[in-house]
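S.K.: The structure's right below; bear with me while I get my questions together.
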Amino acid sequence: MDAVTVSAPPATESAAPPRRATGSLSRRMILIATLWISVLLAGGAFALDRVLTGAITRNFDDQLEYVLKTLILSAQIGPDGEVIFNREPADQRFLEPYSGLYWQVSAKGREDFPSRSLWDRRLAYGQDHNDREVHLYDSRQFGEEKLRIVERDVKLPGSPVRWRFKIAGNRDTLDAQISALRQILAISFALLALGLIIMAGLQTFYGLRPLRKVREEIARMRSGAARQIEAPMPVEVMPLVDELNALIAHNERQAEEARRHAGNLAHALKTPLTVIMNAATAHADDLAPTVIREATTMRRQVDHHLARARAVGRRGHAHSRAAVWPSLESVERAVGRLYPHVRFDADGPKDLQVHVERQDLDEMLGNLIENAAKYGGGSVFVTVKPVGTFVEFLVEDDGPGIAEADRQRLFDRGARLDTGKPGTGLGLAIVRDVAEIYEGGVELDESEDLGGLLVRLKLPVAG
């Protein structure tokens, strides 16, 4: 039972790109935390500065307004038509020259009435506006001395003119309070930012410690001290560890299978080579037939183990999948050229896919369909259908069939029931081995419709 070789499109193998580091994960996390902390704290500091600066300024203005109201309430018109006060403001700074706190009463066409603290200076009247309500503003009319001025226009009883009452205070005290506040805010938020960044660094260092532990465990495995990662890990890292352990176990199974197959092949080739060596050493008369016979046996063994090795090597590919119908049509065309007298029919869904490499699917179907064509009576029928998580292939022929007692023996390497036709007797053995590698299976039965042999091949469906 020979395998049919079906040409498949060559796979383009590209070398894996060299590993390239994309930067430090710890540095990236700390940088992101630093930027985010800086943005948040800068925004918070700005907002807090606006609120507190406004509160200090309002408090300063409220004090000036209180003095202004007191001054207005104590003002009246004297006999000469000028403003007099029934009581002087109580703050002693109004009596000290250049003390930084001043008042002044002014009117158009009238002489200014200043506090003693103004001494020889006067507050500008500002005739371009009317202050029917309280008016607050800053002024630099005294040069380096910055003033905060509150003023209001009032018409006193018995006076035909509108008088402007002003209270001016030196802004140095207000600015000093604001400067001290901003200094405290800057130091506080800088310390807070530093503390948060240090905390982010410690959190990153501690949070990424399991990854360093994984690296240490892998180093232990490479040195032979461990076979897999056994150290306890956090919940978030355990899926990675489980997948890594599964990959290691998978590679170990593949390596063990490779060693076992290499040993089996060496053992299978040892006997034929010994026979050839003995015949050659003894100068046997049947040396040529002996070499041909034993070489044929060796070729069968090599073909069988090569097929298994190819399937094992491709089994681990997560994206291994093959469309069923194109493979089936390709095999039928190839077998049809070898057996032009045989009629091939197929039925089933045309969109099925199996979790098998295309080359292995072609090899399995080629073996089964060629056997049906070679040993059948001229008709081969293939049925494809989904069965649960598998795709089932039913290959039927109209030949004499095989007795139930002999069916299992056909899976032995080199077993042949019909020695009158060419073949190596490895076809069904290869199909079984490759199907089992992909967690599938193959069974022999009797065809109810055609009366010959029915081969049932099951392969996992591609999700």
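The values are calculated or read from the model by the stated rules, or taken from the named source; none is laboratory data. Since the model is a prediction, treat every value here as computed from it, not as a measurement. Glycine also receives a Cβ, built like all others from the backbone with ideal geometry; neighbour counts cover every protein chain displayed.
S.K.: Go through the range 84-109 and count every residue that is surrounded by 15 or more Cβ atoms within 10 Å (Cβ to Cβ) and closer than 19 Å to Gly126 by Cα.
M.R.: Result for the range 84-109: 6.
S.K.: Let me ask something additional. Could you pull out the residue among Ala180, Ala200, Ala168, Ala190 that is touching a strand residue (DSSP E or B) at 6+ places or on another chain (Cβ under 7 Å), surrounded by 11 or more Cβ atoms within 10 Å (Cβ to Cβ), in the same structural domain as Leu41 (by TED's automatic domain parsing) and modelled with pLDDT of 85 or more?
M.R.: Ala168
S.K.: Moving to a separate point now. Being touching a helix residue (DSSP H, G or I) at 6+ places or on another chain (Cβ under 7 Å), assigned to a helix (DSSP H, G or I) and not hydrophobic (A, V, I, L, M, F, W, C) narrows it down to one of Gln254, Gln183, Gln203, so name that one. Step through it out loud before you land on a result.
M.R.: Working: Gln183 fails: touching a helix residue (DSSP H, G or I) at 6+ places or on another chain (Cβ under 7 Å); Gln203 fails: touching a helix residue (DSSP H, G or I) at 6+ places or on another chain (Cβ under 7 Å).
Answer to the selection: Gln254.
S.K.: Tell me, which strands (runs of 3 or more DSSP E) lie completely within the range 68-114 with 3 or more residues that are in contact (Cβ under 8 Å) with a residue 40 or more places away in the chain and under 26 Å from Asp172 (Cα atoms)? Explain how you work it out, then say what you get.
M.R.: Numbers: elements: 75-77, 83-85, 101-106.
Answer list for the range 68-114: 101-106.
S.K.: Does Gly423 count as farther than 20 Å from Thr297 by Cα, at pLDDT below 85 and not in a strand (DSSP E or B)?
M.R.: no
S.K.: Next question. Would you point out the residue of the range 325-361, among those that are at pLDDT 90 or above and acidic (Asp, Glu), that is surrounded by the most Cβ atoms within 10 Å (Cβ to Cβ)?
M.R.: The extreme case among them is Glu332.
S.K.: Determine the pairs where a residue that is over 15 Å from Asn251 (Cα atoms) and assigned by TED's automatic domain parsing to the domain that holds Asn251, located within the range 215-240, has a partner that is among the aliphatic types (A, V, I, L, M) and assigned to a loop (DSSP other than H, G, I, E, B) with Cβ atoms under 9 Å apart, the partner being 6 or more residues away or on another chain.
M.R.: Pairs found: Leu240/Met233.
S.K.: When Met221 is evaluated against the numbered criteria (1) among the aliphatic types (A, V, I, L, M); (2) surrounded by 15 or more Cβ atoms within 10 Å (Cβ to Cβ); (3) outside any helix (DSSP H, G or I), which criterion, by number, is the only one it fails?
M.R.: It is condition (3) that Met221 fails.
S.K.: Out of the residues in the range 137-180 meeting the condition of being in a helix (DSSP H, G or I) and in contact with a helix residue (DSSP H, G or I) (Cβ under 6 Å, 6 or more places away or on another chain), tell me which one is nearest to Ser115 (Cα to Cα).
M.R.: Taking the candidates together, the pick is Leu174.
S.K.: Exactly one of (1) surrounded by 13 or more Cβ atoms within 10 Å (Cβ to Cβ); (2) part of a loop (DSSP other than H, G, I, E, B) is unmet by Glu133. Its number?
M.R.: The one condition Glu133 does not meet is (1).
S.K.: Is there a residue being surrounded by 10 or more Cβ atoms within 10 Å (Cβ to Cβ), among the hydroxyl-bearing types (Ser, Thr, Tyr), in a loop (DSSP other than H, G, I, E, B) and modelled with pLDDT under 95 anywhere in the range 29-38?
M.R.: No - not one qualifying residue is present in the range 29-38.
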